[in-house]
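Trainee: This is the structure I want to talk about, given as structure tokens.
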Amino acid sequence: SDFVAFKLDIDNYAAENSILSDLSGDPAAAALVDEFFLEYHVNFQPMVQQGWAGTVDENKKLADAFKLFHSLRKLGWRAHSWV
């Protein structure tokens, strides 16, 4: 009957990806998350120009963000991005 909201915002894509991978890859842990928030730092020029410079995963594009959030929603998480 608990409601778990998880906000992941470290501004270090390697650390965030590691935490997200561990959390979403563990079925017991993943089942605990109801609402998930992530500022996913992908290589998307408008955001890089607005302050993400040096904090993005250069190999990830906007389409990768859509894929990630879709996969998280398939886990049952209400997954949200913000900038």
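The values are calculated or read from the model by the stated rules, or taken from the named source; none is laboratory data. Fair warning: this is a prediction, and the values are worked out from it, not measured in the lab. In this analysis, Cβ positions are derived from the backbone assuming ideal geometry, glycine residues included, and neighbour counts consider all displayed protein chains. These accessible areas exclude ligands, DNA and RNA; they are computed on the full protein's heavy atoms, side chains included. Shrake-Rupley method; radii C 1.70, N 1.55, O 1.52, S 1.80 Å.
Trainee: For F66 and D26, calculate 0.36 nm times their separation in residues minus their Cα-Cα distance, and state this gained length in nm to one decimal.
Mentor: 12.3 nm
Trainee: Let me ask something else. Can you give the Rg/Rh ratio of the chain, where Rg is from the C-alpha atoms and Rh is the Kirkwood radius?
Mentor: Numbers: Rg = 12.9 Å, Rh = 13.2 Å.
My calculation puts Rg/Rh at 0.98.
Trainee: Quick one: which residues, 5+ away or cross-chain, put their amide H under 5 Å from the amide H of F36? H built at 1.01 Å from N.
Mentor: Here F6, R78, A79, H80 satisfy the definition.
Trainee: Give me the percent relative contact order of the chain, please, defined on Cα pairs under 8 angstrom at least 6 residues apart.
Mentor: The value is 35 percent.
Trainee: In debye to the nearest 20, how big a dipole does the chain give about its Cα centre with +1 on each Lys and Arg Cβ and -1 on each Asp and Glu Cβ? Could you put the intermediate results ahead of the total?
Mentor: Values: 7 positive and 12 negative charges, 74 e Å.
Rounded to the nearest 20 debye, it is 360 debye.
Trainee: Rounded to the nearest 0.05, what FRET efficiency do I10 and E58 give with R0 = 22 Å and r taken as the Cβ-Cβ distance? Could you check? Numbers along the way, then the final one.
Mentor: On the way: r = 18 Å, r/R0 = 0.80.
Step by step, r from the Cβ atoms, then E = 0.80.
Trainee: Excluding A79 itself, what net charge comes from residues whose Cβ is under 11 Å from its Cβ, given Lys and Arg +1 and Asp and Glu -1?
Mentor: Numbers: positive: R73, K74, R78; negative: D34, E35.
Combined, the nearby Lys, Arg, Asp and Glu give +1.
Trainee: Further, regarding this structure: At 1.4 Å probe size, with the rest of the protein present, what percent of the exposed accessible area of the chain is carbon and sulfur atoms?
Mentor: 54
Trainee: Taking a probe of 1.4 Å, how large is the accessible area per residue of the stretch 1-41, in Å²?
Mentor: So the stretch 1-41 comes to 59 Å² accessible per residue, rounded to a whole number.
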